[in-house]
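Visitor: Below is one structure. I have some questions about it.
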Amino acid sequence: MLCKTSEHIECLMVCQEAVRRQFEISELELEDELHHDADPLREKEHEVVPAMINKYGNRVLCLLTAECAAYCRFCTRRRLVSDIERGRVDRSHVDAWVDYLRDHPEVSELIISGGDPFIVEDDLFEYALNEIADVDSVKVLRIGTRAPVSDPCLVNSAKLEAIQRLNRPVYVGVHFEHPSEITKPAVRCIKDLLAVGAILYSQTVFLKGVNDDYQTLYDLFTRLLEIGVRPYYIYRCDPVPGASRFRVELDKERRIMTDLRRSLSGLACPTYVIDVPDGSGKIPVPLGFWDADTLSYTDFEGKKHTPEE
Ligand code: SF4
């Protein structure tokens with residue numbers, strides 16, 4: 001994977017250890033390569049047309065680009081992000097997605113992700129939004145991004161206007177890992193997105209040495225809620241090659257989330273989940289309020305897994 005970074009995140013990496021750890025390549029990654037699945041969420045096998053993934057029947061994921069402003073070393077899509085040429089999407093891909101959607105009216109929710117959708121040319125961004133929004137059966141439109149953290153300039157006026165012109169709710173999921181990522185430019189992005197009518201939620205991954213302590217996550221979720229971003233999910237780090245160094249012990253994660261649930265308001269506390277390694281969905285992890293068996297869990301299809309898979 002190439003290591004491309006924007007100027008904004010480079011500055012943040014210099015002054016914030018928690019940010020540097022997320023993007024800096026480590027020799028420890030090489031030790032992992034043989035053990036883990038490059039596509040633990042089975043996205044490739046659910047690709048129904050190029051760059052469109054349908055795992056759930058009623059919701060689809062569209063990968064508008066393989067490019068990001070900076071590459072997180074724990075990324076679930078490490079296998080494809082940064083391979084910009086192979087992941088390049090143009091209007092013909094969007095047209096094929098729309099054909100699929102018209103043939104599958106049971107798909108009511110669509111997430112535009114990547115890579116980072118805010119990095120593509122303004123024209124393509126607007127074309128994709130407009131064409132997809134034009135499909136009557138798509139009732140919920142979502143965009144996943146890390147741009148407010150990695151390169152706030154990507155949230156520019158052309159893209160904001162494209163969102164506003166849709167004149168319908170657009171849910172924007174922003175990936176935050178640490179309170180130091182909530183910089184002034186990031187807050188400005190959030191305000192701009194709110195001003196054009198976007199509904200904002202956050203996604204976070206538990207990361208060893210970055211956010212695996214109560215106070216860091218308390219500060220992160222509290223601050224996110226203050227700026228208008230509803231904390232939505234916190235994930236156990238997926239077992240992708242090279243990411244073992246980021247995986248936190250399950251018991252520690254549960255303890256932290258139990259303490260957070262005690263002290264945070266319900267609105268500020270995200271749901272703590274494991275993304276099942278066979279791609280069948282996100283399973284909530286029970287907190288310490290219940291005497292639950294945490295050695296194994298059953299997925300939506302009735303298959304047993306262990307949290308350490
Ligand atoms: S911004 Fe998102 S898609 Fe890009 S490397 Fe990070 S986690 Fe992966």
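Taken together, the values in this text are just the output of simple stated rules run on the coordinates, not laboratory data. All of these numbers come straight from a predicted model, not from anything done at the bench. We place every Cβ from the backbone using ideal geometry, glycine too, and count neighbours over all the protein chains shown.
Visitor: I want to confirm something. Restricting to the stretch 42-51 and keeping residues that are touching a residue at least 12 places away in the same chain (Cβ under 8 Å) and within 16 Å of the ligand (Cβ to nearest atom), which single residue is farthest from Gly114 (Cα to Cα)?
Guide: Glu43
Visitor: Can you name the residue in the stretch 92-123 that is assigned to a strand (DSSP E or B) and of a type outside the set (S, T, N, Q) and, of all such residues, is farthest from Cys75 (Cα to Cα)?
Guide: Looking at residues that are assigned to a strand (DSSP E or B) and of a type outside the set (S, T, N, Q), I get Glu109.
Visitor: Scan the stretch 124-153 residue by residue and report those that are closer than 30 Å to Gln16 by Cβ, of a type outside the set (Gly, Ala, Ser) and either outside any strand (DSSP E or B) or away from the ligand (no atom under 11 Å from the Cβ) (or both).
Guide: Matches in the stretch 124-153: Phe125, Arg142, Ile143, Arg146, Pro148, Val149, Asp151, Pro152, Cys153.
Visitor: In the stretch 257-286, which residues are crowded, with 17+ Cβ neighbours inside 10 Å, among the aliphatic types (A, V, I, L, M) and under 17 Å from Tyr232 (Cβ atoms)?
Guide: Met257, Leu260, Leu264, Ala268, Ile274, Ile283, Val285
This table checks each residue for (1) closer than 20 Å to Val276 by Cα; (2) in contact with a Ser or Thr (Cβ under 9 Å, 6 or more places away or on another chain); (3) among the aromatic types (Phe, Trp, Tyr); (4) surrounded by 15 or more Cβ atoms within 10 Å (Cβ to Cβ).
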site	(1), (2), (3), (4)
Ser26	no, no, no, no
Arg42	yes, yes, no, yes
Glu67	no, yes, no, yes
Ala70	no, yes, no, yes
Ser113	yes, yes, no, yes
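Visitor: Let me ask something else. Go through the stretch 181-200 and report how many residues are surrounded by fewer than 17 Cβ atoms within 10 Å (Cβ to Cβ) and assigned to a helix (DSSP H, G or I).
Guide: Matching residues across the stretch 181-200 total 6.
Visitor: Test of understanding: among Cys11, Cys62, which residue is crowded, with 16+ Cβ neighbours inside 10 Å, outside any loop (DSSP other than H, G, I, E, B) and more than 13 Å from the ligand (Cβ to nearest atom)?
Guide: Cys62
Visitor: Looking at Val120, is it within 16 Å of the ligand (Cβ to nearest atom) and surrounded by fewer than 24 Cβ atoms within 10 Å (Cβ to Cβ)?
Guide: For Val120, the condition - within 16 Å of the ligand (Cβ to nearest atom) and surrounded by fewer than 24 Cβ atoms within 10 Å (Cβ to Cβ) - is met.
Visitor: While we're here: What number goes with the only condition from (1) in contact with a Ser or Thr (Cβ under 8 Å, 6 or more places away or on another chain); (2) under 27 Å from Arg59 (Cβ atoms); (3) surrounded by 17 or more Cβ atoms within 10 Å (Cβ to Cβ) that Arg254 does not pass?
Guide: (2)
Visitor: Among residues belonging to the stretch 87-111 that are surrounded by fewer than 18 Cβ atoms within 10 Å (Cβ to Cβ) and within 14 Å of Ala66 (Cα to Cα), point out the one that is farthest from the ligand (Cβ to nearest atom).
Guide: Asp90
Visitor: Continuing with this model, one more query. Of everything in the stretch 169-186, what is touching a Lys or Arg at 6+ places or on another chain (Cβ under 9 Å) and either hydrophobic (A, V, I, L, M, F, W, C) or farther than 30 Å from Asn211 by Cα (or both)? Give them in sequence order.
Guide: Val170, Val172, Val174, Phe176, Ile182
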